Amino acid sequence: MWGIIATWRMALEGVSTSATALQAGSAAATSVVDAVVTVEDYPLYKSVGYGGLPTENGEVELDAAWMDGDTLAFGAVGNLIDIANPVKVAHALGRQRYNSVLVGQGAREWALSQGFTPKTMLTDRAMQHYRKRCRETLDKGLSPYDGHDTVGIIALDRQGSMSVATSTSGLFMKKRGRLGDSPIIGSGFYCDSETGAATATGMGEDLMKGCTSYEIVRRMAQGMTPQQAADSVIYELEDKLMSRFGRAGDLSVVCMNRHGEFGAATNIKTFSFVVATATQPLTVFRADRLQEKTHYQPVDDDWMQAYNARIRAPIEE
Ligand code: ASP
C-alpha cells in the first residue's frame, strides 16, 4: 500500500508528483518534503512560502514542520524570514538530536549556516493584498485575521513508513512573532507509522486548544476509522469552544492510517483536499459539513476553473 493526502487544492501539483514517486517506491519522509516545496515555490499561493502574505508589519514570517512516523523525530521552524524553503529547514532540523525547533533570528542564522538559500519571500502581489487588506480593515472593519490556508501533507510509503510536513505564512496580518499550530507538534501535525498521521489547517489559536492532530492519531490507535477520528475530534472541539469560550474559529483536518485509509473533517463551508493511494486515483475533493459529519465529493471542472481564475485574478487596490 502507499498513499498521500494533503490540505487544500493548492497541493495538487506537488501531491501528483509525489504520488508517482511513492508508487515507484520513494520514501514517505522525502515525498512529503518534495510535495510541500512545490507549494512553497508557487508564487500565486498566498499563504505558503514564496508569495505568502505578510504580518501586520509587512514582513513574511514563515512556519513549517516535518515529522518522521518511524522514529517520531521532528523538526520545526517558526517566524523564519527570507529563506527559500522553510520545510527543507524543518526537515534538516528533524535530523538533529537537539535544537530541533528554532524560531526567528536563530532559525534564520542556523539555516544560513547550513547553506540554505536566502530569498526575498515578499512578492509585489502579496504587498498588493496587504495594502488592500489594510484599507478594507479601516473602511469596513474587517477582522485582519480572516482567511487562512496551510498546506499539510501526509504520506505512507510501500515500506509502511509514514511522514507529515506543514508549511504556512500563518494568519494574514498576524503580529510579528506570532506562532500558530502549524509548527507545533501534536496540534498542526502528528505522525506515528504504527497508527497513522493527521494535519490541520484553520485558526491555530483554536486548533492548539484541542492538540488536534495528536488527538486524531490517538483515536485511530484506539480503533476509530480515520473519518470517525477526524469528525469526532473537530466537532467535539468546536462544541467545547462554543460552550466554554463562546466562539470557535475555522477547524479543518486530513488524516490517514497505516493502511492508507483516509479521513477529512471541517467546520467550514468548503474545505478542499487532495488524495491519492494505491486504490484511490488522484482526486481533489471538496468537504462540507453536514451537522456533525463531514461529507466530501470530487470537485467538478467548474470548481477547478473558478479556482484557477480566483488565484490569478488581478487585485484591485
Ligand atoms: N493554521 C494556520 C495558523 O494558525 C493558518 C492556516 O491554516 O492557514 O497559522
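The values are calculated or read from the model by the stated rules, or taken from the named source; none is laboratory data. Note that the coordinates shown come from a computational prediction; the quantities given were computed from them, not determined experimentally. As a convention, Cβ positions derive from the backbone with ideal geometry for all residues, glycine included, and neighbour counts pool all protein chains shown.
Numbers for the structure displayed
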| quantity | calculated |
| --- | --- |
| Sole residue being crowded, with 22+ Cβ neighbours inside 10 Å and within 15 Å of the chain's Cα centre (by Cα), chosen from Val60, Val36 | Val36 |
| Of all residues making up the stretch 190-202, the number that are assigned to a strand (DSSP E or B), in contact with a Ser or Thr (Cβ under 8 Å, 6 or more places away or on another chain) and among the small types (Gly, Ala, Ser) | 4 |
| Pair list, Cβ under 9 Å, 6 or more apart: the stretch 188-211 residue under 20 Å from Val87 (Cβ atoms) and in contact (Cβ under 8 Å) with a residue 12 or more places away in the chain, other residue of a type in the set (Phe, Trp, Tyr) and within 13 Å of the ligand (Cβ to nearest atom) | Ala197/Phe189; Ala198/Phe189; Thr199/Phe189; Ala200/Phe189; Thr201/Trp8; Thr201/Phe271; Gly202/Phe271 |
| Answer from Thr166, Thr123 - the residue that is surrounded by fewer than 24 Cβ atoms within 10 Å (Cβ to Cβ), within 17 Å of Leu80 (Cα to Cα), β-branched (Val, Ile, Thr) and touching a residue at least 60 places away in the same chain (Cβ under 8 Å) | Thr123 |
| Residues satisfying the stated conditions in the stretch 190-218, i.e. crowded, with 24+ Cβ neighbours inside 10 Å, more than 14 Å from the ligand (Cβ to nearest atom), closer than 23 Å to Asp34 by Cα and of a type outside the set (Gly, Ala, Ser) | Tyr190, Cys191 |
| Pairs, first under 10 Å from Pro298 (Cα atoms) in the stretch 263-286, second part of a loop (DSSP other than H, G, I, E, B), C-beta under 6 Å, six or more apart | Ser272/Trp8; Val284/Val299; Arg286/Thr270; Arg286/Val299 |
| Residue under evaluation Ala230, criteria (1) on the phi < 0 side of the Ramachandran plot; (2) buried (at least 24 other Cβ atoms within 10 Å of the Cβ); (3) within 14 Å of the ligand (Cβ to nearest atom), criterion not met | (3) |
| Conditions (1) more than 16 Å from the ligand (Cβ to nearest atom); (2) under 30 Å from Ala21 (Cα atoms): number failed by Glu236 | (2) |
| Any hit, the stretch 57-65, residues being closer than 30 Å to Gly160 by Cα, in contact with a His (Cβ under 7 Å, 6 or more places away or on another chain) and in contact (Cβ under 8 Å) with a residue 12 or more places away in the chain | no |
| Number of the exception - Gly160 against (1) within 16 Å of the ligand (Cβ to nearest atom); (2) of a type outside the set (Phe, Trp, Tyr); (3) in a loop (DSSP other than H, G, I, E, B); (4) within 27 Å of Val253 (Cβ to Cβ) | (1) |
| Whichever residue in the stretch 46-78 is touching a strand residue (DSSP E or B) at 6+ places or on another chain (Cβ under 8 Å) and of a type in the set (Phe, Trp, Tyr) and, among such residues, is farthest from Arg95 (Cα to Cα) | Trp66 |
| Selection within the stretch 204-259 - in contact with a Lys or Arg (Cβ under 8 Å, 6 or more places away or on another chain) and aliphatic (A, V, I, L, M) | Ala229, Val233, Leu237, Leu241 |
| Residue list for the stretch 148-157, filter: within 9 Å of the ligand (Cβ to nearest atom) and in contact with a Phe, Trp or Tyr (Cβ under 7 Å, 6 or more places away or on another chain) | Asp149, Val151, Gly152 |
| Counted residues, the stretch 175-189 - those being more than 7 Å from the ligand (Cβ to nearest atom) and part of a loop (DSSP other than H, G, I, E, B) | 9 |
| Some residue of the stretch 96-104 being assigned to a helix (DSSP H, G or I) and not hydroxyl-bearing (Ser, Thr, Tyr) | yes |
| Criterion: over 30 Å from Trp2 (Cβ atoms) and either at pLDDT 95 or above or of a type in the set (Phe, Trp, Tyr) (or both) - qualifying residue of Gly196, Gly210, Gly177 | Gly177 |
